[in-house]
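The values are calculated or read from the model by the stated rules, or taken from the named source; none is laboratory data. This one's a predicted model, so the numbers in the text were calculated from it and none came from an experiment. Cβ atoms come from the backbone with ideal geometry, glycine included; neighbour counts cover every protein chain shown.
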Amino acid sequence: MLALENINVSIQSVPILRDLSLSIGGGELVGLVGRNGAGKTTTLRTIVGLMKPTQGTVILDGTDITSLDAHKRPALGIGYMPEDRRLVPQLTAQENIMLPAWVNNDIDVKTSMELVFDLIPELTELANRKAMLLSGGQQKLVALGRALMAGSKILLLDEPFEGVAPVLVQRLMEVIAALRRENLSILIAQSELMHSVSLLDREYVIERGAIISDGSGASRGERVQAGQSSRQVTP
C-alpha cells in the first residue's frame, strides 16, 4: 500500500530523516515509535507532502508520488491527523470534518460522513459545537473524523493518545480497532506503545531520523521502550 524508500529530509540544511525506509501493507496497522524529536512527525509530513525529501521515494499503490503536491494527496485516499489537531476554532466540529471534502471534489461526502458518524457516534452530539469549545479529547475525535473523510486507503495518526484522559484513550483505541476492521491501512506515530501495543501488527523504532529496528509478535513488548514520555492529561 505505502512504501518509503531511502528517504532523506533536511530542515535548513540540518538532516532530520536519514535513509529512512518503511512499508505498510493493505489493511495493516503499523506503529512508528521513538522519542520526541526522533523524526516521527517529519516522516508523516513527508508522506502527506508537507515536507519534501532531498533524496528517496514515496510510493503509494505502486505509484511514485514523491513530487506530487500536498493538496493533491488527499484525493489519493491519504488521511492525516496531526498531533496538535489543527482544527479551525471558529468552525463547528462537523465543518472541520468536512474540510477535506471542500477541497477535494472526488470525496463521496454522503458515504464518508455516514462512515465517520457510524464509527464515531459521539461526533453526532458534537457536530454543531465550535471547535474552540471542545475539550482536548473531543478535538482528537474530530481530528480523527476529518482524517477519515480523506483516508479511504490509509490513515496517518500522529500521537493520537497524547494528552487525552484515560476514558477517551480507551475510546480512541476502540475506534482505531474498528477502522482496522474496515481494512484501512494505518500508521500510528507514538512516543511509546503503552496504549496501542495490542492493536499493532508490527512497529518500527525510529531514532535520530533512522529506523533502528522493526518487527512484530511476542518480541514487541520487550523491544519498544523507546521514548517513555511524561503525559499531560486533558479531560
- prompt: Taking the stated definitions as given, is SER135 of a type in the set (S, T, N, Q) and within 19 Å of the chain's Cα centre (by Cα)?
  reply: no
- prompt: With respect to ARG45, is the statement that it is charged (D, E, K, R) and part of a helix (DSSP H, G or I) true?
  reply: yes
- prompt: Which ones in the stretch 160-183 are under 28 Å from VAL103 (Cβ atoms) and either polar (S, T, N, Q) or in contact with a strand residue (DSSP E or B) (Cβ under 6 Å, 6 or more places away or on another chain) (or both)?
  reply: GLY163, ARG180, ASN183
message: Condition first: in contact (Cβ under 8 Å) with a residue 24 or more places away in the chain and more than 19 Å from the chain's Cα centre (by Cα). Now tell me which residues in the stretch 54-91 satisfy that.
response: THR54, GLN55, GLY56, THR57, PRO89, GLN90, LEU91
Lone unmet requirement of (1) surrounded by fewer than 17 Cβ atoms within 10 Å (Cβ to Cβ); (2) on the phi < 0 side of the Ramachandran plot for ARG86: (2)
message: Yes or no: the stretch 105-124 includes at least one residue that is within 23 Å of ASN183 (Cβ to Cβ), surrounded by fewer than 24 Cβ atoms within 10 Å (Cβ to Cβ) and of a type in the set (Lys, Arg).
response: yes
query: Of these, LEU4, LEU44, which one is touching a Phe, Trp or Tyr at 6+ places or on another chain (Cβ under 8 Å) and either at pLDDT 95 or above or polar (S, T, N, Q) (or both)?
result: LEU44
query: How many residues are closer than 30 Å to LEU133 by Cα and part of a strand (DSSP E or B) if we restrict to the stretch 55-88?
result: 4
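Matching residues to (1) touching a residue at least 40 places away in the same chain (Cβ under 8 Å); (2) among the acidic types (Asp, Glu); (3) closer than 26 Å to LYS72 by Cα; (4) in contact with a Gly (Cβ under 6 Å, 6 or more places away or on another chain):
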| position | (1), (2), (3), (4) |
| --- | --- |
| ILE107 | yes, no, yes, no |
| SER112 | yes, no, yes, no |
| LEU123 | no, no, no, yes |
| ARG129 | no, no, no, no |
| LYS140 | yes, no, yes, no |
| ALA143 | yes, no, yes, no |
| LEU155 | yes, no, yes, yes |
| ALA165 | yes, no, no, yes |
| ARG181 | no, no, no, no |
